[in-house]
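Colleague: One structure, pasted below without further comment.
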Amino acid sequence: MKQLHFGVDYYPEHWERERWKVDAELMQKMGIQMVRMAEFSWHKLQPREDVFEFEWLDEVISLLGSYGIYTILGTPTAAPPAWMVHKNPQILPVDREGRTRGFGGRHHDCQSNPVYREYIRKLVTKMAQHYGENPWVVGWQVDNELGNSHQELCTCASCTQHFQRWLKQKYKEADILNKAWGTAFWSQEYNDFAEVCAPRITVTGENPSAMLDWKRFCSDLIVDFTREQTKILREYTKNQFITHNYMGFADKVDYYKLGELLDIVSHDQYPGGFYLEETPHEKNHVLAATLDVVRSYKNQPFWIMEQQSGITGWEVMGRAPAPGQLSAWALQAIAHGADAIVFFRWRTCAMGTEQYWHGILPHSGNPGRRYQELKDFVSAMNPVMERLQGSMPKPQVGIVFSFEQAYAFQIQPHHKDLSYTGQVQKYYRALYQQNIPVDFVPEQGDFGKYKLLVAPLQYLMSPNLEDKYMDYVRRGGHLVLTMRTGVKDVHNLCMTDQELPGRLSELAGIEVLDYDCLRDTKVEVLFEGQKMEAFIWSDLMRLAPQTKTLAAYASEFYAGEPCITEHPYGDGICYYVGTEPGERLLEALMKQICRKASVGQVCSSDTQVECVVRQKEGERFLFAINHSNQPKSFQAPDGYSLLQGSQAGKLEAYQVQIFYKAAR
Ligand code: GLA
Ligand code: ZN
């Protein structure tokens, strides 16, 4: 495939034909090499049941082609047209209160509905046959942000049937399901799979085991929905890639599994957010974590399919990106492993919900400040992108990130401020502050390549995963386990045969005999001779003889008892953190653990200067990103030279410098 690096999301159907040529010229001048189109234009492509109209799209594709601009086509299944919904109202989704959601937004569809699936097969087949060998079409995006707009997905009759089928395949007999779900509680036993419903809201409470399977089913349904399209596309297309635009840590679908169907994972990155609740510099670690998790889903370079290119907003708007900020954000994505950036959107839309989600061009269509900035950015970066080909960040630290653990904590968060993803991001932050690069790893992943593995909240546990952790440490790995590990089996039933964390007690060298949920308070902790704070939870533990106390509680009725521990096991060390450490404590703790695990930082820098390395055989590239609106001094470590421009030991506001060094 041709190497493409910069593109825009383009909606020619929103504008008069006469304008298309002007757009193509402006794009070409800016150095744009590709566009993504059509992911919401179902009605334009199939205005009536038996009428397909591809001429307009043929015309845009070939016009753009005459300017050397390639196309990525979206399958428009995120926006089923009104005629279809009118004729087949059963394709509308039904929420957990049993209310049918109406036409008028997007994703007003039930993904299991057979009638809807049939329409999709027909359209996608026609599109694939028509464009499958078009030399200007380089790839496909299936649907758009699957799982978005789906709240708790759909509980209609079709979804209920599919859920029953899924359960039958998994459990074979109703009694096996009864055992797995603990239905003896409150007389919830089923005699037959036909009695199981998609979970509507109940009078009181929910069965946590049933809810976990429902969330797994919903994720599998999205994967299956995608597979139906990728199968068709693979059958009729030649030399065209397939991708889907992810949303970072969004969790309606297991992104690792979805990634198996795709050639490239792509992602939509909006650092300005919708409402910008936090000041930008406090969010930088979340932006970085989001990019790292996206790279980790397929463990390969990724694409940004929508990169912020102006003020964001629907009803309420975000701040205007300052000069340099759009480029800095795009460069942050590249630093973390993006091989291509597609900016959302080309021109600010005059109609519909997203009138205030600003594009490169303003409403008027006249190139302004954003066009100029991104034009300069693209022309400076095109040659650099060629050099970066084949390079990736190569972290020594892995953070285990699992969709199933996220689901289990959504069902029973324990504490109003506890979320699985939030907890994972807190550990990430402590490493990010020290410029220590991180991969995210699925529980099925390869732990062995990391010197340090951080596994927060390993709540659902299986014998297989226990073995993996024990094996990892035995062979010399350093592992961080935390509170609420080994609490449940994979069916979301509490484990009862041992004190927590079950079989992992042997590895962690502790037993949790009691605990305290810190509802509206915090606890003091003594670490390295200093008093610090911890939140949410306190595990009260009994230590094995070899276990060392790293930190002890310093308040509450358990003052003086161990809070964070270290236990040698085989050739490695297992750390156990029995609480949620506050920021200061977590940073100090991770610093100590990284030192013990011989994990190095990229380099030291001001807290608002992020440093990231991409590397390949023979070369290392260091990105220094100034996220602040003030100049910051910065010296690259020995051996690095600046890739472009001259080094002044200083980064201007929102400036990014790239350095390189020959390396083995
Ligand atoms: C998402 C979608 C786009 C658009 C933007 C802005 O990322 O994929 O279609 O809706 O958000 O709201
Ligand atoms: Zn449904």
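The values are calculated or read from the model by the stated rules, or taken from the named source; none is laboratory data. Since the structure is predicted, the reported quantities are computational estimates derived from the model, not experimental observations. Using ideal geometry, Cβ is built from the backbone for each residue, glycine included, and neighbour counts are taken over all protein chains shown. SASA here: full protein model, heavy atoms, side chains in, ligands and nucleic acids out. Shrake-Rupley method; radii C 1.70, N 1.55, O 1.52, S 1.80 Å.
Colleague: Post the alpha-carbon centroid distance, the stretch 185-202 to the stretch 15-59, in whole angstrom.
Modeller: The distance from the Cα centre of the stretch 185-202 to that of the stretch 15-59 comes to 48 Å.
Colleague: Additional query: How large is the Kirkwood hydrodynamic radius of the chain, in angstrom, based on all distinct alpha carbon pairs? Let's see the in-between values first.
Modeller: Working: mean 1/r = 0.0375 Å⁻¹.
Its Kirkwood hydrodynamic radius stands at 26.7 Å.
Colleague: Rounded to two decimals, what ratio of Rg to Rh does the stretch 556-637 give with C-alpha atoms and a Kirkwood Rh?
Modeller: Numbers: Rg = 17.9 Å, Rh = 16.2 Å.
Using only Cα positions, Rg/Rh for the stretch 556-637 is 1.10.
Colleague: Along the stretch 187-200, what does the Karplus equation 6.51 cos²θ - 1.76 cosθ + 1.60 (θ = phi - 60°) give for ³J(HN,Hα), rounded to whole Hz, x for Gly and Pro?
Modeller: 6, 9, 4, 10, 8, 8, 4, 5, 7, 7, 10, 5, x, 6
Colleague: Another question about this same structure. Let me know the whole percent of all Cα-Cα pairs from the stretch 397-596 that are separated by more than 25 Å. Present the calculation step by step, with values, prior to reporting the outcome.
Modeller: Values: 5655 of 19900 pairs.
I get 28 percent for the Cα pairs in the stretch 397-596 exceeding 25 Å.
Colleague: Reported to two decimal places, what Rg/Rh ratio describes the stretch 499-640 when computed on Cα atoms with Rh from the Kirkwood expression?
Modeller: Reported Rg/Rh, Kirkwood definition of Rh: 1.09.
Colleague: With θ taken as phi - 60° and the coefficients 6.51, -1.76 and 1.60, list the Karplus ³J(HN,Hα) couplings across the stretch 609-614 in order, rounded to whole Hz; mark glycine and proline as x.
Modeller: 3J(HN,Hα) across the stretch 609-614, in whole Hz: 9, 8, 10, 9, 10, 10.
Colleague: Could I ask something else about it? Can you quote the Å³ per residue value for the convex hull of the Cα atoms in the stretch 364-499, rounded to an integer? Working shown, then result.
Modeller: Values: hull volume 26.8 nm³, N = 136.
About 197 Å³ per residue, rounded to a whole number.
Colleague: Now for a separate question. When the scattering of the stretch 46-121 is computed by the Debye formula from its Cα atoms alone, each counted once and equally, what is log10 I(q)/I(0) at q = 0.18, 0.22 Å⁻¹?
Modeller: The computed values of log10 I(q)/I(0) come out as -0.79, -1.00.
Colleague: Okay, moving on. Compute the accessible area per residue over the chain, keeping the other protein chains in place, probe 1.4 Å, unit Å². Working shown, then result.
Modeller: Values: 26630 Å² over 664 residues.
I get 40 Å² per residue for the chain.
Colleague: Report, in deg cm²/dmol and to the nearest 500, the calculated mean residue ellipticity at 222 nm for the chain, where each DSSP H run with n ≥ 4 adds -39500 (n - 2.57) and the sum is divided by the residue count.
Modeller: Values: 17 runs with 213 residues, N = 664.
Counting only the DSSP helices, I get -10000 deg cm²/dmol.
Colleague: Further, regarding this structure: Might you report the magnitude of the Cβ-based charge dipole of the stretch 607-662 about its Cα centre, with Lys and Arg at +1 and Asp and Glu at -1, to the nearest 20 debye?
Modeller: Values: 6 positive and 5 negative charges, 2 e Å.
Here the stretch 607-662 has a charge dipole of around 20 debye.
Colleague: To continue, here is another question. Between the stretch 607-664 and the stretch 548-576, how far is it from one alpha carbon centroid to the other, in angstrom?
Modeller: About 38 Å separates the Cα centre of the stretch 607-664 from the one of the stretch 548-576.
Colleague: Distance check, please: which entries in K426/K596; K179/K215; K257/K394; K172/K257; K394/K522; K283/K468 exceed 27 angstrom between their Cα atoms? Display every interim value, and only then the final one.
Modeller: Details: K426/K596 20 Å; K179/K215 19 Å; K257/K394 22 Å; K172/K257 23 Å; K394/K522 37 Å; K283/K468 33 Å.
Flagged as over cut-off: K394/K522; K283/K468.
Colleague: Using a 1.4 angstrom probe on the protein heavy atoms only, line up T160, T75 by accessible area, largest first. Working shown, then result.
Modeller: Working: T160 25, T75 0 Å².
Most to least solvent-accessible, the answer reads T160, T75.
Colleague: For the stretch 142-265, would you read off the P(r) tail past 19 Å as a percentage of all alpha carbon pairs? Please report the intermediate quantities before stating the final value.
Modeller: Numbers: 4116 of 7626 pairs.
In whole percent, the share of Cα-Cα pairs in the stretch 142-265 beyond 19 Å is 54.
Colleague: How much accessible surface does C159 have with a 1.4 Å probe, in Å² rounded to 10?
Modeller: 0
Colleague: Kirkwood-based Rg over Rh for the stretch 297-346 (C-alpha set), two decimals?
Modeller: On the way: Rg = 12.2 Å, Rh = 11.9 Å.
With Rg and the Kirkwood Rh in hand, the quotient comes to 1.03.
Colleague: For the chain, which whole percent of the accessible surface, found with a 1.4 angstrom probe, sits on carbon and sulfur atoms? Write out the running numbers ahead of the final one.
Modeller: On the way: 13050 of 26630 Å².
Of the solvent-accessible surface of the chain, carbon and sulfur hold 49 percent.
Colleague: With only Lys, Arg, Asp and Glu charged, each at its Cβ (+1 for the first two, -1 for the last two), find how big the charge dipole of the chain is about the Cα centre; round to the nearest 20 debye. Write down the numbers at each step before the final one.
Modeller: Working: 69 positive and 81 negative charges, 286 e Å.
It comes to approximately 1380 debye.
Colleague: Please list the helices of the chain that count as membrane-span-like by this rule: a mean Kyte-Doolittle hydropathy of at least -1.0 together with Cα atoms stretching 24 Å or more along the helix axis, each helix being a complete DSSP H run. Could you put the intermediate results ahead of the total?
Modeller: Values: long enough: 114-131 (25 Å, -0.71); 208-236 (43 Å, -0.44); 280-298 (28 Å, -0.52); 369-388 (28 Å, -0.71).
The answer, listed by residue number, is 114-131, 208-236, 280-298, 369-388.
Colleague: Just by accessible area at a 1.4 angstrom probe, what is the order of E260, E39, E189 from largest to smallest? Please report the intermediate quantities before stating the final value.
Modeller: Values: E260 150, E39 0, E189 95 Å².
The most accessible residue leads, giving E260, E189, E39.
Colleague: Nothing charged except the Cβ atoms of Lys and Arg (+1) and of Asp and Glu (-1): what's the magnitude of the dipole of the stretch 193-271 about its Cα centre? Round to the nearest 20 debye. Don't jump to the answer; show the numbers that get you there.
Modeller: Values: 9 positive and 12 negative charges, 32 e Å.
Dipole of the stretch 193-271, to the nearest 20 debye: 160 debye.
Colleague: Using the Kirkwood formula on the Cα atoms of the stretch 607-662, what hydrodynamic radius do you get, in angstrom to one decimal?
Modeller: 11.4
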